[in-house]
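The values are calculated or read from the model by the stated rules, or taken from the named source; none is laboratory data. Keep in mind that what you see is a predicted model, and the values were worked out from it rather than measured. Backbone-built Cβ (ideal geometry, glycine too); neighbour counts: all protein chains shown. Ligands, DNA and RNA are excluded from the accessible area calculation, which covers all protein heavy atoms including side chains. Shrake-Rupley method; radii C 1.70, N 1.55, O 1.52, S 1.80 Å.
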Amino acid sequence: MSGLSGLFGLTGLTGLAVPMSAAAAGPASPADMFAARMQMGFSLGWHIVLACLGVGMPALLLFTEWRALRTGDDEYLRLVHRWAKAVGVLFAVGAVSGTILSFEMGLLWPGLMGVYGEVIGLPFALEGNAFFLEAIFIGVYLYAWGRLSPRLHLLTGVPVLVAGVASAFFVVTANAWMNQPVGFTLEGGRIRDVDPWRAMMNPATPPQTLHMIIAAFMVTGFTVASVYAVALLRGRRDRYHRLGFAIPFALGAVFAPIQIVVGDYAARFLAEYQPVKLAAMEGVFRTRSHAPLSLGGVAVNEEMRYAVEIPSGLSLLVGNSPSTVVRGLDTVPVADRPPVTTVHLAFDTMVAVGFFLLLLSAWFAVAWWRHRDLPRSPWFLRLAAISGVAAAAAVESGWIVTEVGRQPWTVYGRLRTVDAVNPVPGLWAGFVVVLLVYAVLTVATVYVLRRMARASRTPEAAGEETHAPQEPEEPAQGATPATGDRG
Amino acid sequence: MDLVQAMLVVLWVGVTLYALLAGADFGGGVLDLLAGRARAGMPQRRLIEHTIGPVWEANHVWLIFVLVVLWTGFPPTFAAVMSTLYIPLTLVALGIIARGAAFAFRKASTELWQQRLFGAAFAFSSVLTPFFLGTVAGGIASGRVPPGLGAGDIMASWVNPTSMLGGVLAIGVCVYLAAVYLCDDARRAGLPDLAEGFRRRALVTGLAVGAVALVGIAVLHWDAPRLFDGLIHRALPLVAGSAVLGLVSLVLLWLRRFLLVRVTAALAVTAVLWGWPVAQYPAMLPPGLTVYQAAATRSVLGATLLVLAVGALLVLPSMAWLLLLQRRTPYDTGSHG
Ligand code: HDD
Ligand code: HEM
Ligand code: HEM
């Protein structure tokens, strides 16, 4: 195995690809195949961060606006206004990056969509409805501020939240189906007897959707809190910044413990339904009892090297007993195994972040319980300042586990990735262009968000469309000079 | 009407709404490009932004709707079109990113150079995206996309006379719709001078689109004879209707009946759009693949149509409310963009 292609399990592809693809344009070259997978992974990985914020931000907005209405406290309103402006930009970027994915499903994986498009069509149709509602009500929410009564305005945020959660649910059911393809029969290359509802409610749907939706709230909570953690560290310790930290951090902290339980559920699910993926996650090459839990390490010549092993750990986790037999990679031919090191390290990263966020949340909870305030140690804020990036890294790693761990299948046990890919030449060129465009997009998004944060600290630049006549002017934050960071 | 036809109609309703709503948003971008230098063009740009701002994302969802209905209802068609027309569709996708993001960024930025930069990205992608979408339509309509994965010629399928005609017409129609809608919007915003400017643009583009369409008849006759044949037989009423409505719209524009011309212009575009499938039915990827060969199984069609119908009960009233709010939003002549 060499370099990147080894990491992503591409070895042997050349041999496989030639006899398998019967398309007129000839099979995709290994370079094109690799580019297609990287492009899909890259653009999904990009979108998922925005998608998490798209699911989570409405919850923050609604809660804070509700508090503002209840208490009449201006600080809450200022937070809502500032977050709402950021949401306007994030939502637009999230929507366009999601649209690209719908294109890529066909541009990159026509072999999947041409046959199975109809089986996973239903959740996407449902998701389409959710998108419409989301886009419509976000339009109302952002633009009709001050033209609706405060109560009605708050209510227009509810469909945004519901539709965001629903769209995350629907799209993940489609991915769950790729892991557990049920609800159809295949005859001569065409689909027969489709039960689209059963396909949508496949066995992988409960663990995956639950895990993903919780992840979205965690990413949102910790990311927004990170921004205010930086501001607090720089000495802006007024009530506004503390609220801006505490509300989102509490959102993340509530879900952190739940997520560990759900992650455990997801892993047990795999032990039963996708044992090969679980074996790759833990580098179990031979079926055995007393299977250890490996922390870190790389796979070399069918064994794990440099890993810290917890004896019988995996057997205990999967079956509550050291004698539980864990199925290994040897249950399938070499050609059907996912790349072990990538999947294993991604899994470890996710779990490590999970526990890191759990401890941080516990710290916060204890301090709050004892003296109704944030922990006093600057170390808490320093760690909180990286919690957003950490949560996003957990999501990315989780998806690498799910998607790379499914290889070499696009539809588990049914359709190989080599047969799903678009056979036209030159996909790699498209990948290069996409990378460039995303690089510019990333820079511009970050730049604009930072400028917005800075501008809204000076009173004259306060946005007009989120300003209702009956609402208070944003008080100037005179004391702090406008140095780069947001907050 | 059976399930397959119903799905086809739903698909085409989506295409129509995308063209009428998002098309005008694209046209707004082109007009933004033509609005002139930064200071002189400011009032026009502000009005364009004011009218597009709250609705473009909802309008944009129609494209996603079309993609999803296509891959759910007619999976082999989706696979064939996406794989063969990989190049123009990738460019469309990139154009969509550039446009949506730049529009949001421009709105959020305060300095002139930023507004210019994002404005330029917004405007250029507004020209390129409809163009490439038009070439895609031309490639399919002229029978250059065979069924199968990447089975067609990846260049000739979109670099050909019918595709070029499709691309140019798409830009023209977008600009025309935008100019027509903006006449009415400008008048309601109390900006009669701007309304006059847009009226001039609407008249010019209306005439230009008409001229291109006339030339297009010759192009189709020579490059896409099967489509041509359908257009002058089964689809003739639609084609003729579109021509008449187009002329009526020009007269209404001349008479400054701006609200009425919104309707007639939209109807004229709708008639042309429906002319295409009517002309080639039952072929979906002409000449070979028919709608019935491409269609998904009945259970999928049934479930999808049901879901979309129920969804429409929620979506359509909400959308009407959004449009109403947008129309009622007072136009604010302050300096902040
Ligand atoms: C904040 C994010 C986050 C955190 C803290 C965790 N996860 Fe996770 N995990 C995800 C975010 C995520 C994810 C990105 O949302 C994935 C990708 C696919 C999915 O359904 O969820 C995922 C996938 C995923 C899978 C693969 C599911 C499949 O392929 O069907 C397993 C087995 C776990 N996770 C297990 C865990 C465990 C045991 C964790 C705790 C210690 C954990 N996750 C923490
Ligand atoms: C949003 C979070 C997701 C992320 C980050 C993600 C990540 C990835 C990655 C990294 C790959 C490349 C795998 C490889 O190396 O071969 C991939 C492939 C793919 N994913 Fe996902 N995925 C996500 C969700 C989904 C969903 C919801 C679908 C739904 C239908 C999906 C469909 C695909 C397809 C079709 C491929 C290509 C075929 C393959 O390599 O298996 N993904 N994804
Ligand atoms: C786990 C994975 C995913 C989640 C949780 C998710 C969630 C979301 C959310 C909440 C939005 C709207 C909010 C925003 O724009 O910020 C969105 C937008 C979008 N997503 Fe995703 N998404 C995921 C993966 C995908 C995949 C795999 C596809 C396509 C195949 C996709 C297609 C889209 C589209 C087309 C939009 C734009 C909709 C609009 O205009 O409002 N998403 N996604």
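Each chain gives up part of its surface: B and A jointly bury about 5800 Å² of accessible area, both sides summed, for a 1.4 Å probe. P(r) tail for the range A:243-377: Cα pairs beyond 28 Å make up 30% of the total. Dipole check for chain B: with +1 at the C-beta of Lys and Arg, -1 at the C-beta of Asp and Glu, and the Cα centre as origin, the magnitude is about 700 Debye.
The Rg/Rh ratio of the range B:114-265, with Rg taken over Cα atoms and Rh as the Kirkwood radius over Cα pairs, comes to 1.05. Per residue, the convex hull spanned by the alpha carbons of the protein assembly as shown comes to 155 Å³.
Helix-only arithmetic for chain B: the sum of -39500 (n - 2.57) across DSSP H runs with n ≥ 4, divided by the residue total, places the mean residue ellipticity at 222 nm at -26500 deg cm²/dmol.
A quarter of the convex hull surface defined by the alpha-carbon atoms of the range A:38-97 gives 3.9 nm² as the mean projection.
Say we join alpha carbon atoms closer than 10 Å with springs in a Gaussian network model of chain B; which of B:260, B:203, B:177 then has the biggest fluctuation? Most flexible of the set in this elastic network: B:260. Round to the nearest 0.05 the FRET efficiency obtained for residue B:327 and residue A:288 when R0 = 60 Å and r is the Cβ-Cβ distance. Efficiency for this residue pair is about 0.30. Phi angles of the range B:255-264 translate, via the Karplus equation with coefficients 6.51, -1.76, 1.60 and θ = phi - 60°, into HN-Hα couplings of 7, 6, 8, 5, 5, 5, 6, 3, 5, 5 Hz per residue; Gly and Pro are given as x. Ranked by solvent-accessible area (1.4 Å probe, protein heavy atoms only, all chains present), the residues A:155, A:345, B:182 order from largest to smallest as A:155, A:345, B:182. Between the beta carbons of residue B:9 and residue B:39, assuming R0 = 41 Å, the FRET efficiency works out to 0.30 to the nearest 0.05. Students often get this wrong: which residues of the range A:186-226 have the backbone nitrogen under 14 Å from the point 7 angstrom along Cα-to-C-beta of residue A:414? Inside the label zone: A:186-205.
If you sort A:131, A:380 by accessible surface, 1.4 Å probe, largest first, the order is A:131, A:380. For residue B:289, the residues whose modelled amide H falls within less than 5 Å of its own, excluding neighbours fewer than 5 places apart on the same chain, are B:284.
Ranked from largest to smallest solvent-accessible area, with a 1.4 Å probe on the protein heavy atoms, A:327, A:190 come out as A:327, A:190.
The Cα atoms of the range A:277-332 cover 28, 26, 14 Å along the three principal axes, with the biggest extent listed first. Each residue of the range A:31-39 was assigned a 3J(HN,Hα) from its phi angle through the Karplus curve 6.51 cos²θ - 1.76 cosθ + 1.60 (θ = phi - 60°); the sequence is 5, 5, 4, 4, 4, 4, 5, 5, 4 Hz, with glycine and proline shown as x.
How big is the Rg/Rh ratio for chain A, C-alpha atoms only, Rh by Kirkwood, two decimals? Across chain A, the Cα-based Rg/Rh ratio is 0.99.
Please report the carbon-and-sulfur percent of the accessible area for the protein assembly as shown; probe 1.4 Å, protein heavy atoms only, DNA, RNA and ligands left out. Ligands and nucleic acids excluded, carbon and sulfur give 70 percent. In this structure the amide hydrogen of residue A:186, modeled in the peptide plane, comes within under 5 Å of the amide hydrogens of A:192, none closer than 5 places in sequence on its chain. Using every pair of separate Cα atoms, the Kirkwood estimate puts the hydrodynamic radius of the range B:190-248 at 13.2 angstrom. Once the gyration tensor of the Cα atoms in chain B is diagonalised, the equivalent ellipsoid follows with semi-axes of 33, 22, 20 Å, ordered largest first.
Residues whose amide H falls under 5 Å from that of residue A:410, counting only those 5 or more places apart or on a different chain, are A:415, A:416, A:417, with hydrogens built in the peptide plane. Counting only protein heavy atoms and using a 1.4 Å probe, the accessible area of residue B:153 comes to about 90 Å². Summing charges over neighbours of residue A:94, with a neighbour being any other residue whose Cβ is under 12 Å away from its Cβ, gives -2 when K and R count +1 and D and E count -1. Percent of C-alpha pairs per 10 Å bin in the range A:183-229, short distances first: 22, 26, 21, 16, 11, 3. Derived value for the range B:39-90: Kirkwood hydrodynamic radius 13.6 Å. Basis is the mean of 1/r over every pair of different alpha-carbon atoms. In the full protein context, the protein assembly as shown carries 39 Å² of accessible surface per residue, based on a 1.4 Å probe and ignoring ligands, DNA and RNA.
When shorter helices are ignored and each DSSP H run of at least 4 residues is given -39500 (n - 2.57), the per-residue value for chain A at 222 nm works out to -23000 deg cm²/dmol. Mean silhouette area of the range B:196-337, derived from the convex hull of its C-alpha atoms and averaged over all directions, reads 12.7 nm².
Couplings 3J(HN,Hα) of the range B:154-163, computed from phi: 6, 9, 4, 5, 10, 9, 7, x, 5, 5 Hz, in residue order, whole Hz [Karplus 6.51 cos²θ - 1.76 cosθ + 1.60, θ = phi - 60°; x for Gly and Pro].
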